[in-house]
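Engineer: Have a look at this one before I ask anything.
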Amino acid sequence: MTKLLIKLFIKDSENIKDKNVRRKYGNLGGFVGIFSNLLLFALKLFAGIISGSIAITADAFNNLSDMGSSVLTMLGFKIASKSPDKDHPFGHGRMEYMSGFIVSVVIIIVGFELFTSSVSKIFNPEAILVNWLTITILIISIAVKLWQGLFNNKLGKILNSAALKATAKDSINDVVATSAVLLTSVISLIFDINIDGYVGVLVAGFIMYGGFSAAKEMLSPLLGEQPDPELVNEIRSTVLENDEFVGMHDLIVHDYGPGRCFASLHVEVPDTVDIVSCHEQIDACEKKVFDKLGIVLVIHMDPIATKDERRNAIDLIVKDIICSIDETLSYHDLRIVDGEKRINIIFDVVKPYEIKMTDRELIDLIQDKLWEVDPAFFCVIEIDHEFSKG
C-alpha cells in the first residue's frame, strides 16, 4: 500500500534531496494522517458517547490531536521547502524539527487534559454500556493505527525525517493505548467491572510520555547534536581516498535540516607538497563530498613534517603516552620547537566528554609521562572536545 501511494502521488520519488520531493512526501503523510485520524476520531467519539466510556473518549481526542499533528507536519514541510533568503541564508530546513516539536507539545497538552478527566472519573464513576459494536470499532482503530505507524516509519526512513519518525512512534503508542482501552471494554462487557477511569489515566499517561519522548528527539538536532557516526565515517573515507591527505581531524557538521548540511574539517598533508596542487586537490575533495553526500564542505590544510625523523620519533612517543592514558584520546598537529634548555612539543589533544578528569589534570599527566622519557621535553597542549564520533 505504501509503495502504491508513493508511486501514485510523488513523481521522481527517489530524488529525496530535492526540497519539493520532500514536501510531497510530507504532504502525502499529512493527508493520510488527516483522513485516517479524522475517521477514527468520529468512530471512537461515537463509541465513547453511546458507551459513556471516558477511556474511549480520551482515545478519540487523542486521534483528533493526531489529526492536528498531521496538519502541523504538512505546514513544517511546506516552510522547510522554502528557498534560502537574506534573513535565512542556510534555508528553512529546521522547520521540520520545529513542526515535530510543536506536535509533541500538542500531544502533551491533550494527554494532560485527558488525565484530569480520567482522574475525575475515578472519584465520580459512571456506568458504561459497552457492546460488540464498540469492540469492533476499537479493533478497526488498532488495525488502522498499526498501518499508520508502518506507513509513517517507511516515509521517515526514506527521507530520514525526524518529524515523520516521531509521527510513526506516536501511532505505535496509540496502538498500545487503544489496546488497553479495548481490554477495558472487553472486561466491562464480560465481567461487568468498571475500571474505565483507571485505564483512562494509564492511556493519558502513555500519551504524555510519548509526547515528552518525541519533544526530546525534536529538540536534540535544534540544540546541536553530534552527527550520525555513519555519516562521519562516510565523510572520513571519502576525504582520505585522496593519497595526498595523510590524516584528518576537527570535523564539525552543522545540521540546518534534512538535506541541508554544512561541514568543516582539517586535513593533514606533507609539508613538502606543492601548495597549488594541494589547493586543487582540496577543491576536488570538497566537490566530491558534495556530489556524494550533499554536504557543503570547507577544508583547512595542516602541513605535517612527515620526513622529519626526530619529529616522527617523538610522535610515536606521544602516541604511546596518549594511548596508555585512555584509548579514546587522540591528538593532532604535533610540531617541535627547540628552546635553549628544553624541547617544546606542541600538539592538540581531543578529549571525549566521557573522560572525567579535568583538562588541567590531563595536561599534567601527559607532561609527567613525557618527563619520564626525557626531562627536556616540555609539552604545550591545547585541549579539544569531540564534535563528531566515527
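Engineer: Output the number of the condition that residue 16 fails; it satisfies all remaining conditions of (1) in a helix (DSSP H, G or I); (2) buried (at least 16 other Cβ atoms within 10 Å of the Cβ); (3) touching a residue at least 12 places away in the same chain (Cβ under 8 Å).
Structural biologist: Unmet for residue 16, out of (1) in a helix (DSSP H, G or I); (2) buried (at least 16 other Cβ atoms within 10 Å of the Cβ); (3) touching a residue at least 12 places away in the same chain (Cβ under 8 Å): (1).
Each row is one residue, and each column tells you yes or no for (1) outside the structural domain of residue 213 (by TED's automatic domain parsing); (2) of a type in the set (Val, Ile, Thr); (3) closer than 18 Å to residue 56 by Cβ.
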{"position": "120", "(1), (2), (3)": "no, no, yes"}
{"position": "124", "(1), (2), (3)": "no, no, yes"}
{"position": "136", "(1), (2), (3)": "no, yes, yes"}
{"position": "140", "(1), (2), (3)": "no, yes, yes"}
{"position": "150", "(1), (2), (3)": "no, no, no"}
{"position": "156", "(1), (2), (3)": "no, no, no"}
{"position": "163", "(1), (2), (3)": "no, no, no"}
{"position": "175", "(1), (2), (3)": "no, yes, yes"}
{"position": "194", "(1), (2), (3)": "no, no, yes"}
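Engineer: Continuing with this model, one more query. Checking the structure you have, find out if any residue of the stretch 245-256 is of a type in the set (Asp, Glu) and touching a helix residue (DSSP H, G or I) at 6+ places or on another chain (Cβ under 6 Å).
Structural biologist: The initial filter retains those residues of the stretch 245-256 that are of a type in the set (Asp, Glu), namely 250, 255.
Retained after the next criterion (residues that are touching a helix residue (DSSP H, G or I) at 6+ places or on another chain (Cβ under 6 Å)): 255.
Within the stretch 245-256, one or more residues are of a type in the set (Asp, Glu) and touching a helix residue (DSSP H, G or I) at 6+ places or on another chain (Cβ under 6 Å).
Engineer: Looking only at residues that are among the aromatic types (Phe, Trp, Tyr) and over 27 Å from residue 15 (Cα atoms) in the stretch 123-175, which one is surrounded by the fewest Cβ atoms within 10 Å (Cβ to Cβ)? I'd like the intermediate steps shown before the answer.
Structural biologist: Residues of the stretch 123-175 among the aromatic types (Phe, Trp, Tyr): 123, 132, 147, 151.
Narrowing further to those that are over 27 Å from residue 15 (Cα atoms): 123, 132.
Working: 123: 7, 132: 9.
Of everything passing the filter in the stretch 123-175, 123 is surrounded by the fewest Cβ atoms within 10 Å (Cβ to Cβ).
Engineer: Let me ask another. From 321, 235, grab the single residue that is in contact (Cβ under 8 Å) with a residue 24 or more places away in the chain and touching a strand residue (DSSP E or B) at 6+ places or on another chain (Cβ under 7 Å).
Structural biologist: Numbers: 321 fails: touching a strand residue (DSSP E or B) at 6+ places or on another chain (Cβ under 7 Å).
The unique qualifying residue is 235.
Engineer: So which of 101, 115, 35, 46 ends up being assigned by TED's automatic domain parsing to the domain that holds residue 179 and crowded, with 20+ Cβ neighbours inside 10 Å? Even if it seems obvious, please write down each step before you answer.
Structural biologist: Working: 115 fails: crowded, with 20+ Cβ neighbours inside 10 Å; 35 fails: crowded, with 20+ Cβ neighbours inside 10 Å; 46 fails: crowded, with 20+ Cβ neighbours inside 10 Å.
On inspection, the qualifying residue turns out to be 101.
Engineer: Is it the case that residue 189 is of a type in the set (A, V, I, L, M) and either at pLDDT below 80 or surrounded by 15 or more Cβ atoms within 10 Å (Cβ to Cβ) (or both)?
Structural biologist: Details: of a type in the set (A, V, I, L, M): yes; either at pLDDT below 80 or surrounded by 15 or more Cβ atoms within 10 Å (Cβ to Cβ) (or both): yes.
Against the criterion (of a type in the set (A, V, I, L, M) and either at pLDDT below 80 or surrounded by 15 or more Cβ atoms within 10 Å (Cβ to Cβ) (or both)), residue 189 qualifies.
Engineer: Can you work out which of the residues in the stretch 88-98 that are within 21 Å of residue 213 (Cβ to Cβ) and not hydrophobic (A, V, I, L, M, F, W, C) is surrounded by the most Cβ atoms within 10 Å (Cβ to Cβ)?
Structural biologist: My answer is 96.
Engineer: Any idea which residue in the stretch 339-367 is nearest to residue 248 (Cα to Cα), counting only those that are among the acidic types (Asp, Glu) and at pLDDT 90 or above? Spell out how you get there, then give the answer.
Structural biologist: If we filter the stretch 339-367 for residues that are among the acidic types (Asp, Glu), which is where we start, we get 340, 348, 354, 359, 361, 364.
From the residues that got through so far, the ones that are at pLDDT 90 or above too are 348, 359, 361, 364.
Values: 348: 13, 359: 23, 361: 26, 364: 26 Å.
Step by step, filter the stretch 339-367, then rank; the result is 348.
Engineer: Also, I was wondering about something else. Have a look at 287, 307 and point out the one that is in contact with a Pro (Cβ under 8 Å, 6 or more places away or on another chain), charged (D, E, K, R) and within 19 Å of residue 245 (Cβ to Cβ).
Structural biologist: One residue alone meets the criteria, 307.
Engineer: If I ask for residues that are charged (D, E, K, R) and more than 17 Å from residue 139 (Cβ to Cβ), which ones from the stretch 149-178 would you list?
Structural biologist: 154, 157, 165, 169, 170
Engineer: With respect to residue 184, determine if the residue is in contact with a Cys (Cβ under 8 Å, 6 or more places away or on another chain) and in a helix (DSSP H, G or I).
Structural biologist: Working: in contact with a Cys (Cβ under 8 Å, 6 or more places away or on another chain): no; in a helix (DSSP H, G or I): yes.
So residue 184 fails the test.
Engineer: Still on this model: From the list 139, 195, which one is touching a residue at least 24 places away in the same chain (Cβ under 8 Å) and of a type in the set (A, V, I, L, M)?
Structural biologist: Details: 195 fails: touching a residue at least 24 places away in the same chain (Cβ under 8 Å).
After applying the criteria, what remains is 139.
Engineer: Same structure again: Inside the stretch 365-380, can you point out the residues that are surrounded by fewer than 17 Cβ atoms within 10 Å (Cβ to Cβ) and part of a strand (DSSP E or B)?
Structural biologist: Across the stretch 365-380, the qualifying residue is only 380.
Engineer: Sticking with this one: Of the residues that sit in the stretch 341-364 and are of a type in the set (Lys, Arg) and closer than 16 Å to residue 374 by Cβ, which one is surrounded by the most Cβ atoms within 10 Å (Cβ to Cβ)? Quick ask: steps written out before the conclusion?
Structural biologist: First pass over the stretch 341-364, keeping only residues of a type in the set (Lys, Arg): 341-342, 351, 356, 360.
Next cut, closer than 16 Å to residue 374 by Cβ only: 341-342.
Values: 341: 7, 342: 13.
The residue in question is 342.
Engineer: Out of all the residues in the stretch 129-161, which are under 30 Å from residue 77 (Cα atoms), polar (S, T, N, Q) and in a helix (DSSP H, G or I)?
Structural biologist: Correct list: 141, 148, 152, 153.
Engineer: Something else now. Within the stretch 61-87, which residues are surrounded by fewer than 16 Cβ atoms within 10 Å (Cβ to Cβ) and more than 22 Å from the chain's Cα centre (by Cα)?
Structural biologist: 83, 84, 85, 86, 87 - these are the residues of the stretch 61-87 that are surrounded by fewer than 16 Cβ atoms within 10 Å (Cβ to Cβ) and more than 22 Å from the chain's Cα centre (by Cα).
The values are calculated or read from the model by the stated rules, or taken from the named source; none is laboratory data. Keep in mind the model is a prediction, meaning the values are calculated, not measured. Virtual Cβ from ideal backbone geometry, glycine too; neighbours counted across all protein chains shown.
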